[in-house]
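Below: one structure, written as structure tokens.
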Amino acid sequence: MTLLGGLDYASVLVFAAAGSLAASRAQLDIVGFAFVACLTAVGGGTIRDLLLDRSIFWMANPTIILIAVSVALVVFFTAHLLESRLKTLEWLDALALSVAVSAGTGVAILEEQPAVIVVLLGIVTGVMGGLMRDVVCNEVPLVLKQGELYASAAFAGACATLLATRSGLSPLLTLAACTALTFALRAGSIRFGWSLPTYKSRPPRL
Amino acid sequence: MTLLGGLDYASVLVFAAAGSLAASRAQLDIVGFAFVACLTAVGGGTIRDLLLDRSIFWMANPTIILIAVSVALVVFFTAHLLESRLKTLEWLDALALSVAVSAGTGVAILEEQPAVIVVLLGIVTGVMGGLMRDVVCNEVPLVLKQGELYASAAFAGACATLLATRSGLSPLLTLAACTALTFALRAGSIRFGWSLPTYKSRPPRL
Amino acid sequence: MTLLGGLDYASVLVFAAAGSLAASRAQLDIVGFAFVACLTAVGGGTIRDLLLDRSIFWMANPTIILIAVSVALVVFFTAHLLESRLKTLEWLDALALSVAVSAGTGVAILEEQPAVIVVLLGIVTGVMGGLMRDVVCNEVPLVLKQGELYASAAFAGACATLLATRSGLSPLLTLAACTALTFALRAGSIRFGWSLPTYKSRPPRL
């Protein structure tokens, strides 16, 4: 298995868990859990692959779907053991975001895309799965939560990967550092309220 | 016309009617009816074809769009004759779901996809059109309604088609049986409240 | 630069501004502005290109993304100077819709699609970017606003382009006339309340 393939697996695993928790909050049955888990797990990567006109990563490798479904089954029977499903969802989503940004950026670099596209595909791979999950589950998308680093964390991670690759760092180190940076920013935002200044309307919203 | 082509037509017809009823509930004008009817009618199959990297079924055959638009026109002028548009929408959606799951599963088998992908594409073809309709019309997606068989009915139908094909049943019988099974499960859920156990939070939702 | 390429640029510019205003209403940070601006700016054209199995227009030309991001930066720092961001958003969206319908119709004619598909792709290119913006930002989609010409204006513009092309008008004149017609209808609807009769439920909604 290649490094990038491994990252796709890892992000599927964690996003599937976050998706299943969202399904638990919507009180779905077990097939609903599997559906939302798959949508969240492969959503971002699917859009990346469609845009790159590559074969979709999970069509060539159905094991990925089986992983997402297995995670959904496990969460269906164990989610009640968690103290707060909302908090757990948020942290799992942060982890999955970080891994997926690395995976997306890495694939785009491998396909020799220009820098702007590399960064954009990194962000798309990271945020789109969670965005579709939230739209389908009728929740306010995490990416839109005011005063939180989300797209911004993905942006920083994707830029860092690009720079590290250009400066000749080894792929393993690059991807590990990128994941760590994205996660650190997102975690700082959840835990300590780190944020960028948001737009404030002056005068108030019309 | 092939059997699978015929199924695509049938699902377009019924989904277009369901989409038009959703448009009537949103009080759109006649072009809005046609827009929502087309989105609902071809949405699921379009995603299936994009994932399979096949040519989109209605691009090669614009008659399909004309059918959806004609249905929208008819519904625009006749929907007020219905006793309950919501109930009718639900039943039409059930029928369209059943037909579309067969069509999606059939195409994926024809393209010689592995079993997991066949089942998944069956579900995607069945539920995505209605899901996009509900997201665009700002309604809670039917696929998320608690305590109803929806994705589950699609899952059962797709699995049955796969098994029947593997055991050598004729395509016509297979597709008819799959449609009947999906519809029976969905209908039982609407009419008699059949359902799978849903996730219940213990302790309550946080 | 070709005429159609120029239209794509123009619609990106105006849609990015409309998207940034939507981001300002959701009080996002600067990366959030850029994200929503890009989604709105390239959303419709991306779906058009995926359906036509063409290379995505902005993947081949990352300048387009840079334009959308630059617009987002400018709007982030200047939006408070506007008297009403909602009104400005509506008018920018009307302008972008008109340009994008021309661009979409023009590309579909160039690809020698049948008439039905040309009109449909014109509408899709025009309305999908704004629709995704509204779904992601949790606003009621403009395309669904009762008693307004929106999809209808796009439909009229796309039909006019098709007719003008078939009757041998020069491409420049055709596209200009199409943009003007779509904009005139949409503007008349915003300013003077022009509309088509909408569906009214008799008896009331059930």
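The listed residues are B:189, B:102, B:195, and the only one of them that is touching a Gly at 6+ places or on another chain (Cβ under 8 Å), within 12 Å of another protein chain (Cβ to nearest Cβ) and of a type in the set (Ser, Thr, Tyr) turns out to be B:195. Exactly one condition in (1) touching a residue at least 40 places away in the same chain (Cβ under 8 Å); (2) facing chain A (nearest Cβ under 9 Å); (3) of a type in the set (Val, Ile, Thr) is not met by residue B:143; state its number. Here residue B:143 clears every test but (1). Of everything listed in (1) touching a Lys or Arg at 6+ places or on another chain (Cβ under 8 Å); (2) closer than 20 Å to residue B:29 by Cα; (3) more than 12 Å from chain B (Cβ to nearest Cβ), the single unmet condition for residue C:122 is (1).
A count restricted to the stretch A:161-178 and to residues that are touching a Cys at 6+ places or on another chain (Cβ under 8 Å) and within 14 Å of another protein chain (Cβ to nearest Cβ) stands at 0.
Taken over the stretch C:83-130, the residue count meeting the criterion of being among the aliphatic types (A, V, I, L, M) and in contact (Cβ under 8 Å) with a residue 60 or more places away in the chain is 18. For the stretch A:120-136, the criterion of a residue being surrounded by 15 or more Cβ atoms within 10 Å (Cβ to Cβ), over 20 Å from residue A:17 (Cα atoms) and hydroxyl-bearing (Ser, Thr, Tyr) is satisfied by no position. What is the residue count in the stretch B:1-43 for residues that are within 21 Å of residue B:173 (Cβ to Cβ) and of a type in the set (Phe, Trp, Tyr)? Result for the stretch B:1-43: 1.
I'm checking my understanding of the structure. Among residues of the stretch B:18-38 that are within 14 Å of chain C (Cβ to nearest Cβ) and in contact (Cβ under 8 Å) with a residue 60 or more places away in the chain, which one is nearest to the chain's Cα centre (by Cα)? Across the stretch B:18-38, the extreme among qualifying residues is B:19.
Every condition in (1) among the acidic types (Asp, Glu); (2) more than 9 Å from every other protein chain (Cβ to nearest Cβ); (3) touching a residue at least 24 places away in the same chain (Cβ under 8 Å) is met by residue B:148 except one, and the failing one is (2). So for the stretch C:67-78 (the condition being modelled with pLDDT of 90 or more, surrounded by 20 or more Cβ atoms within 10 Å (Cβ to Cβ), closer than 14 Å to residue C:183 by Cα and in contact with a helix residue (DSSP H, G or I) (Cβ under 9 Å, 6 or more places away or on another chain)), does at least one residue qualify? Within the stretch C:67-78 (the criterion being modelled with pLDDT of 90 or more, surrounded by 20 or more Cβ atoms within 10 Å (Cβ to Cβ), closer than 14 Å to residue C:183 by Cα and in contact with a helix residue (DSSP H, G or I) (Cβ under 9 Å, 6 or more places away or on another chain)), the answer is no, since none of the residues qualifies. The single residue among C:41, C:60 that is on the phi < 0 side of the Ramachandran plot and touching a residue at least 60 places away in the same chain (Cβ under 8 Å) turns out to be C:41.
Within the stretch C:159-199, if we keep just the residues that are among the hydroxyl-bearing types (Ser, Thr, Tyr) and within 20 Å of the chain's Cα centre (by Cα), the residue that is surrounded by the fewest Cβ atoms within 10 Å (Cβ to Cβ) turns out to be C:195. Taking residue C:156, is it aliphatic (A, V, I, L, M) and over 13 Å from the mean Cα position of the chain (by Cα)? The answer is yes for residue C:156. Checking B:110, B:86 one by one, the residue that is more than 9 Å from every other protein chain (Cβ to nearest Cβ), surrounded by fewer than 24 Cβ atoms within 10 Å (Cβ to Cβ) and at pLDDT below 95 is B:110 and no other. Within the stretch B:10-57, being part of a loop (DSSP other than H, G, I, E, B) and of a type in the set (A, V, I, L, M) holds for B:26, B:28, B:56.
Return a yes/no flag: does the stretch A:85-97 have any residue that is among the hydroxyl-bearing types (Ser, Thr, Tyr), farther than 22 Å from residue A:177 by Cα and out of contact with any helix residue (DSSP H, G or I) (no Cβ under 7 Å at 6 or more places or on another chain).
no
The values are calculated or read from the model by the stated rules, or taken from the named source; none is laboratory data. Everything numeric here is computed off the predicted structure, so don't read it as measured data. So basically every Cβ, Gly included, is an ideal-geometry build from the backbone, and we count neighbours across all protein chains shown.
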